[in-house]
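S.K.: Here's a structure for you.
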Amino acid sequence: MGLLSLLRKLRSNPQDELRILLLGLDNAGKTTLLKVLASEDISHITPTQGFNIKSVASNGFKLNVWDIGGQRRIRPFWRNYFENTDVLIYVIDSADRKRFEETSLELSELLEEEKLVNVPLLVFANKQDLLNAATSSEITDGLALHTIRDRSWQIQGCSAYTKEGVTDGLEWVSKTVKSTKK
Amino acid sequence: MGCLFSNPDTSTDILEPPKPQYSCKINKNDYILDKLKDQTIFRVPGTVDGQQFIIQNCENCTIYIFDHTGQVQIDDCKHCRIFVGPVHGSIFIRDSENCNLATICQQFRARDCHEVNIFLSCASQPIIESSHHIRFGCLTYFYEKLGEHYATAGISPYNNNWSNIHDFTPVPDSKNYSLMDDSETVFKHIPAPTDPSCSHLNISDSQDQTITPFSYGELYREHNVERCFVVLFHEANYDVCARELIKMLRPLKIVLVQSKCYTINELSADRIFNNRSYNTLVTKDFVSQNSTDAVQQLDKFYNFASMQMFS
């Protein structure tokens, strides 16, 4: 399932626009994921210096996905993109165990942001194809996701590279948006 | 289970895609070098075979990975010399100092490093963050199978952006990185392995044998000298032709500033060459007719190439 089929599923929604924000540390695989969602080639991806955006529109309904660079230096700019976010997708490099603490800290700061209150959270435990990848359940414990009580959330193991798990994540997004945005 | 006070009907659970089944058992520790001191380690072709590789907490080690990998992390290393063959994804070096690294990758990233020399063949724009005294040079390297490993990792030796660095934390009036010219060689910083079990790899860093052509990149981009734009159209022996051309130019003191390997559609061909006859081309080679044309064509081609890189 790509963005177009997500759009089709959501079209019965009364709103005319849906905004998805893709965040996560640098090297998590946000841009690769964005390109997979847009069914684009993923063989020549460069580190993101600013942001990338993909939009799909059909019958007056529009879906925008924002992918913002994740370097430590530019994380303070994430907040410029919080306004009117309908779904937050947080991407983790499951094979980068050295930075689990750093990614956990950034996520907990995001969840305290006023502008993101109640915004549903999908955590993509990306790079499951790599040898050293932690499982979704290890990451759930490590990030203390079970303590999240103010929003719907889901963790989905995936590999943007092999495309496994990506569709399941989007299914959850479409289900969640439909039930919370009426 | 997650708690969903706002929406108790939807359940949250943890979903994992099935783990791939390997025919033979893989020992993760074969792909992690941790806490080594004063050692020389090498991996010959076929032993890593596209897996992720991690090098961490090593001191005064010499490490050679003569194979292709999926993703590489180098963390907390000091005084190490490291060669890593083609990386399909990113190579990320962090919290390391006084190291020498030579590598081929789709993405190069460095954070919290200092005093590091990097010989690079990188398909995208290399980036650094919170680092200083980083020196970049163009990789020149050969070992048996390197050409194959380039192809398996999905990287073209002609798309090397080794000198076009993006610094996320620039400092005013100074630079966190500098560029090395060809007076610095890989072997000067990372000598070839002496172990006899590597001798069949015929390892070399010479410009005559390298798989990655030596290019001057940003060292020459702004030089106000005569320039020429040469296009080899895709055919079975384009690689042989390109190598032969580069070899012929060297004794003539004509330097290669940059090479690129891209698919060009008709619209782009029209724009770059300013000449419709090349739209149907595809088998002819192209050389600028005069230097004014060359400058314009180069600008257009670089614009096109960077759009390809960032699209």
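Read-outs: derived from the displayed coordinates by stated rules, not from any lab. The structure presented is a predicted model; accordingly, all values stated were derived computationally and were not measured. Cβ sites come from the backbone with ideal geometry, for glycine too, and all protein chains shown count toward neighbours.
S.K.: Could you give the distance between the Cα centres of the range A:147-182 and the range A:22-41, to the whole Å?
M.R.: Their Cα centres are 15 Å away from one another.
S.K.: Here is a follow-up. Read phi for every residue in the range A:17-23 and hand back ³J(HN,Hα) as whole Hz from Karplus 6.51 cos²θ - 1.76 cosθ + 1.60, θ = phi - 60°, with x for Gly and Pro.
M.R.: Residue by residue, the range A:17-23 yields 8, 10, 10, 10, 10, 9, 10 Hz.
S.K.: Another question, then. Using modelled backbone amide H atoms (1.01 Å from N, in-plane), which distant-in-sequence or interchain residues come within less than 5 Å of B:ALA102's amide H?
M.R.: Those qualifying (amide H under 5 Å, at least 5 residues apart or on another chain) are B:ILE82, B:PHE83, B:VAL84, B:PHE119.
S.K.: Next up: B:THR40's amide H: which non-local residues (gap 5+, or another chain) put their own amide H closer than 5 Å, with H modeled 1.01 Å from N in plane and none for Pro or chain starts?
M.R.: Counting only residues 5 or more places away or on other chains, the set is B:THR62.
S.K.: If you don't mind, another one. Take every DSSP beta bridge whose two residues both sit in chain B, then give the antiparallel share in percent to the nearest 5.
M.R.: Bridges in chain B are about 5 percent antiparallel.
S.K.: Which residue, chosen from B:PHE66, B:SER121, B:VAL225, occupies the Cα position most advanced towards the positive end of the dipole of chain B, where the dipole is computed from +1 (Lys, Arg) and -1 (Asp, Glu) charges on Cβ about the Cα centre?
M.R.: So the residue we want is B:VAL225.
S.K.: Also, quick follow-up: May I ask what percent, to the nearest 5, of DSSP beta bridges between residues of the range B:34-136 are antiparallel? Could you put the intermediate results ahead of the total?
M.R.: Numbers: 0 of 46 bridges.
Of all bridge pairs located within the range B:34-136, approximately 0 percent are antiparallel.
S.K.: I need to check one value: relative contact order of chain B, counting alpha carbon pairs closer than 8 Å and at least 6 residues apart, in percent. Intermediate results must be reported in sequence, preceding the final value.
M.R.: Details: 620 pairs, mean separation 33.3, N = 311.
So the answer I get is 11 percent.
S.K.: Could you tell me which of the pairs A:LYS35/A:LYS127; A:LYS30/A:LYS178; A:LYS54/A:LYS175; B:LYS78/B:LYS145; A:LYS30/B:LYS78 are separated by over 19 angstrom between their Cα atoms in the structure shown? Kindly include the intermediate steps, with their values, before the conclusion.
M.R.: Numbers: A:LYS35/A:LYS127 15 Å; A:LYS30/A:LYS178 24 Å; A:LYS54/A:LYS175 21 Å; B:LYS78/B:LYS145 29 Å; A:LYS30/B:LYS78 30 Å.
With Cα atoms farther than 19 Å apart: A:LYS30/A:LYS178; A:LYS54/A:LYS175; B:LYS78/B:LYS145; A:LYS30/B:LYS78.
S.K.: Here's a follow-up. Is any helix in chain B, taking whole DSSP H runs, at least 20 angstrom long along its axis by alpha carbon and on average at least -1.0 on the Kyte-Doolittle scale, and which ones? Before the final figure, lay out each step's value.
M.R.: Details: long enough: B:291-310 (28 Å, -0.23).
Result, helices passing both filters: B:291-310.
S.K.: I've got another one for you. What is the spin-label model distance, in nm, from B:ILE41 to B:LEU267 if the labels are put 7 Å beyond Cα along the C-beta direction?
M.R.: 4.9 nm
S.K.: While we're here: At 7 Å along the Cα-to-beta-carbon direction for both B:ARG221 and B:ALA236, put a label point, then send me their distance in nm to one decimal.
M.R.: A separation of 3.8 nm, rounded to one decimal place.
S.K.: Helix-derived [θ] at 222 nm for the protein assembly as shown: sum -39500 (n - 2.57) over DSSP H runs of at least 4, divide by residue count, nearest 500?
M.R.: Per the formula, -6000 deg cm²/dmol.
S.K.: What FRET efficiency, computed as 1/(1 + (r/R0)^6) with R0 = 41 Å and r the Cβ-Cβ distance, is obtained for A:LYS163 and B:ASP181, rounded to the nearest 0.05?
M.R.: 0.45
S.K.: So what's the gap between the Cα centers of the range B:95-118 and the range B:184-210, to the nearest angstrom?
M.R.: 19 Å
S.K.: Once the dipole of the protein assembly as shown is set up with Lys and Arg at +1 and Asp and Glu at -1 on Cβ about the Cα centre, which of B:ASN265, B:ASN237, B:THR103 lies farthest towards its positive end?
M.R.: Of the options given, the answer is B:ASN265.
S.K.: Suppose a student asked you for the relative contact order of the range B:107-230, using Cα pairs under 8 Å spaced at least 6 residues apart; what percent would you report?
M.R.: Answer for the range B:107-230 is 31 percent.
S.K.: Could you give me the ³J(HN,Hα) list for the range B:138-144, computed from phi with Karplus coefficients 6.51, -1.76, 1.60 and θ = phi - 60°, whole Hz, x at Gly and Pro?
M.R.: Computed from phi, the couplings for the range B:138-144 are 6, 5, 10, 7, 9, 9, 4 Hz.
S.K.: Here is a follow-up. Work out how much length A:SER55 to A:SER137 would gain on full extension: take 0.36 nm times their residue separation and subtract the Cα-Cα distance, in nm to one decimal. Spell out each step's value before the answer.
M.R.: Numbers: separation 82, 0.36 × 82 = 29.52 nm, distance 3.21 nm.
Between A:SER55 and A:SER137, full extension yields 26.3 nm more.
S.K.: Additional query: Using θ = phi - 60° and the Karplus relation 6.51 cos²θ - 1.76 cosθ + 1.60, list the HN-Hα couplings for the range B:184-189 in order, rounded to whole Hz, with x at every Gly or Pro.
M.R.: So the Karplus estimates, Gly and Pro as x, are 9, 10, 4, 5, 4, 9 Hz.
S.K.: Does anything in the range B:46-70 have its amide N under 12 Å from the 7 Å Cα→Cβ label point of B:ASP30, and if so which residues?
M.R.: Only B:46-51 pass the distance filter.
S.K.: Here's a follow-up. Can you give the charge dipole size of the range A:41-182 about its Cα centre, rounded to the nearest 20 debye, using +1 on the beta carbon of Lys and Arg and -1 on the beta carbon of Asp and Glu?
M.R.: On the way: 18 positive and 20 negative charges, 83 e Å.
Dipole size: approximately 400 debye.
S.K.: What fraction of the DSSP beta bridges in the protein assembly as shown is antiparallel, stated in percent and rounded to the nearest 5?
M.R.: On the way: 11 of 89 bridges.
Restricted to the protein assembly as shown, the bridges split so that about 10 percent are antiparallel.
S.K.: Continuing with the same structure: Please give the length that would be gained between B:CYS198 and B:ARG135 if that part of the chain were fully extended, namely 0.36 nm times their separation in residues minus their C-alpha to C-alpha distance (nm, one decimal).
M.R.: Net length gain for the segment: 19.9 nm.
S.K.: Tell me, what is the percent relative contact order of chain A, built from C-alpha pairs under 8 Å that lie six or more residues apart?
M.R.: This gives 25 percent for chain A.
S.K.: Another question, if that's okay. Modelling each spin label as a point 7 Å along the Cα-to-Cβ direction, I'd like the B:GLU148/B:GLU244 distance in nm, to one decimal.
M.R.: 2.5 nm
S.K.: Also: Quick check on chain A: what does the Kirkwood estimate of hydrodynamic radius come out to from the alpha carbon pairs, in Å? Working shown, then result.
M.R.: On the way: mean 1/r = 0.0612 Å⁻¹.
One over the average 1/r among Cα pairs gives 16.3 Å for chain A.
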